[in-house]
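Step one of this worksheet: look at the structure below.
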Amino acid sequence: MGTAPTPGGASARQEPLGKLSTETGWQVGLYPHGHAFAFTIVHDADSAYSRRLAPLFDEFDRLNLKLTVTAFVFWASWAKQGRIWSQWNRAADPFLAPIAVPLADTTEREFYLDLAARGHDVAMHTASETSDTTDDLRRAFECFAGSFGRAPTVYVEHSRRSKKDALENEGANPRSKYYSLGVLNDYSPWVWVDGPLGWPSAQEPKFYDLRAANGAPFTEKAAQKYGLKKVFMRTGKGRQGDGEGFLDWYSTDNIDELERNRGLALVYTHLNEKWLDLQTCKMREPLRERLRYLAAKNGWFAPAAKILDRVAAMREVTLIARDGRLQIHNHGLQAVEAVTIVSPNGCSLRAGEQLFRPGPRGDITVGTIPAVSRLEFQVCSQEQ
């Protein structure tokens, strides 16, 4: 039988990610199809507006980078149910004036539905830009599901200092009308908590790689502190979540190291801040060049929920190597596709007449492992 996951989505069975799974040196790869690393951007909606985001997503699409893009569901209290448009339309620059435009706006909702159809994961950045009651939040989940046909897979908190429904504010207090924890656990998205536990330590030199910095994308401290079912961290630093921060964090050297170390990046950024060249209305050229460098590598560029679900599932997979055979056990309650095993010495694996040879870095994709089952292979030397 499978082991129930601990808070944060991680199982207690497996050793910390990045360590060898057996004494023989065979290792479970976290990512499908032998991808060398995982990378995505988890965008904060904050002051975003679809017309300013659209050119950026045209570029992400050209590079086949799939993002997690958050949105507010309802208008902030200051927006007067959308009547703020009359003020924005009279502004000196109507392109720059709109901020925090939510899914409640028909044109905005159509933009995000189109992003979802293009393979990006639309997520929730709380119910609105201002404080939301428990009823507001539950209604936001229902409205989101009504638009997208499902509840959000990712929920990213906004401004613990100004939002009373943030968990670091009143959101974890069941006596508060801004209690959000119960709704989050009812819908069970992956939750990012605004606060020190949301990023690697400020002293961590490899803050750009969750696997190197923390052993996993999950933050058990936050899960235990709030009683959340599924909670994750993001790469980066809280005070530099913009285009300039991205260029600093993801230098070509750091991208190379992310690839070399089989790393994992779930990038904290606000695409509305310093990503767009306001003169050309295109992505800033240094950012476009950096993303082209990244996209040319063998990365898994999937949205955050897919990456998090995969890593959680792979923590249920263990190896036993003895007497010239390798057993791969899936203790979890779901099948895992395109499982990759890392050969320590260039050896291949054989199952019946089928031979699985390692790639240049030792990666062997062995296929799907059904739930609560195992695969068994003969270990073949490099000469066989």
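The values are calculated or read from the model by the stated rules, or taken from the named source; none is laboratory data. Quick caveat: nothing in here was measured; it's all calculated off a predicted structure. In this analysis, Cβ positions are derived from the backbone assuming ideal geometry, glycine residues included, and neighbour counts consider all displayed protein chains.
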Query raised in the report: For region 196-209, how many residues meet the condition of being over 17 Å from the mean Cα position of the chain (by Cα) and either part of a helix (DSSP H, G or I) or closer than 23 Å to Pro152 by Cβ (or both)?
Result: 1
Requested in this report: Return only the number of the condition from (1) on the phi > 0 side of the Ramachandran plot; (2) out of contact with any Lys or Arg (no Cβ under 8 Å at 6 or more places or on another chain) that Thr126 does not satisfy.
Outcome: (2)
Query raised in the report: Scanning for something assigned by TED's automatic domain parsing to the domain that holds Glu157, modelled with pLDDT of 95 or more and surrounded by 22 or more Cβ atoms within 10 Å (Cβ to Cβ), does region 82-96 turn up at least one residue?
Result: no
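Which members of region 251-275 meet the condition of being crowded, with 21+ Cβ neighbours inside 10 Å and either over 19 Å from Pro303 (Cα atoms) or not hydroxyl-bearing (Ser, Thr, Tyr) (or both)? Even if it seems obvious, please write down each step before you answer.
Of the residues in region 251-275, the ones crowded, with 21+ Cβ neighbours inside 10 Å are 255, 258, 262-269, 271-272, 275.
Residues satisfying the conditions are Ile255, Leu258, Arg262, Gly263, Leu264, Ala265, Leu266, Val267, Leu271, Asn272, Trp275.
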Report task. Go through region 305-358 residue by residue and tally those that are buried (at least 16 other Cβ atoms within 10 Å of the Cβ), touching a Lys or Arg at 6+ places or on another chain (Cβ under 6 Å) and of a type in the set (S, T, N, Q). Result -> 1
Query - Filter pass, Ala295 being modelled with pLDDT of 95 or more, buried (at least 23 other Cβ atoms within 10 Å of the Cβ) and hydrophobic (A, V, I, L, M, F, W, C) - result: no
Report task. Under 6 Å between Cβ atoms, at least 6 apart or on separate chains: pull out the pairs that start in region 71-82 with a residue that is within 24 Å of Ala151 (Cβ to Cβ) and end on any residue that is in a helix (DSSP H, G or I). Result -> Ala71/Tyr112; Val73/Ala140; Val73/Cys143; Val73/Phe144; Trp75/Gln81; Trp75/Gly82
Report summary line: Per the filter on region 268-284, residues touching a residue at least 24 places away in the same chain (Cβ under 8 Å) and at negative phi are Tyr268, Thr269, His270, Leu271, Asn272, Glu273, Trp275, Leu276, Leu278, Lys282, Met283, Arg284
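Results for (1) outside the structural domain of Lys229 (by TED's automatic domain parsing); (2) of a type in the set (Val, Ile, Thr); (3) within 20 Å of Ala123 (Cβ to Cβ), shown as yes or no for each residue.
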| position | (1), (2), (3) |
| --- | --- |
| Leu294 | no, no, no |
| Asn298 | no, no, no |
| Arg310 | yes, no, yes |
| Leu326 | yes, no, no |
